[in-house]
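Everything below concerns the one structure shown next.
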Amino acid sequence: MIFKAVGDGRPYPDHGVETTRDWAAVAPRQVRLDELVTTKSELDLRHLLAEDSTFYGDLFAHVVSWRGVLYLEDGLHRALRAALQQRLHVHARVLELDVDGTVLSAG
């Protein structure tokens, strides 16, 4: 299996980190694909296979760590592309949240 689980929605509280500038404050690191739970169950293949699919926006996937689980909030196309290239990791910005949604650590 590529991911730990396939979810549909964000089970964690709203964290308020929205813009690319907000996420840029979170240092990127490598995350294993098999540790991620997706927050989207569907992806448009045109987006995945587009040559410029990683050109616009952040270069890194966005992951939220909440209650010991890593949720892939944004970057499903990057994670799937990494899996298709037989890589085990993806570079992501990992935002750590307390149980109430308070940002604990930006990296």
### Summary
Note to self, the chain gives a 222 nm [θ] from helices alone (DSSP H runs n ≥ 4, -39500 (n - 2.57) apiece, / all residues, nearest 500) of -4000 deg cm²/dmol
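Pop out the carbon and sulfur fraction of the accessible area of the chain as a percent, whole number, probe 1.4 Å.
Numbers: 3340 of 6490 Å².
After summing per-atom areas, the C and S share lands at 51 percent.
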### Task
Provide GLU42, GLU18, GLU35, GLU96 ordered by accessible surface of protein heavy atoms (probe 1.4 Å), highest first.
GLU42, GLU18, GLU35, GLU96
### Query
Excluding ligands and nucleic acids, what accessible area in Å² is computed for LEU88 using a 1.4 Å probe, to the nearest 10?
110 Å²
### Query
Mean separation of Cα pairs under 8 Å and 6+ residues apart, divided by the residue count of the chain: what relative contact order is that in percent?
34 percent
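Using the Cβ atoms and a cut-off under 14 Å, what net charge is assigned to the surroundings of ASP14, where Lys and Arg are +1 and Asp and Glu are -1?
Details: positive: ARG10; negative: GLU18, ASP22, GLU73, ASP98, ASP100.
Within the 14 Å Cβ shell, the charges total -4.
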### Residues with amide H under 5 Å from that of SER65, placed H, sequence gap 5 or more
TYR71, LEU95, GLU96, LEU97
### Task
State which stretch of the chain is the longest one without any exposed chymotrypsin sites (Phe, Trp or Tyr not before Pro), exposure meaning a DSSP loop state and at most 10 other Cβ atoms within 10 Å.
1-54
### Query
Given q = 0.17, 0.18 Å⁻¹, what are the Debye log10 I(q)/I(0) values for the chain, with equal point scatterers placed on the Cα positions and solvent ignored?
-0.76, -0.85
### Summary
Mean accessible area per residue over the chain (1.4 angstrom probe, all protein chains present, square angstrom) is 61 Å²
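The values are calculated or read from the model by the stated rules, or taken from the named source; none is laboratory data. This structure is a prediction, so every number in the text was calculated from the model and none was measured. Reconstructed Cβ throughout: ideal geometry from the backbone, glycine too, with neighbour counts over all protein chains shown. For accessibility, only protein heavy atoms count, side chains too; no ligands or nucleic acids. Shrake-Rupley method; radii C 1.70, N 1.55, O 1.52, S 1.80 Å.
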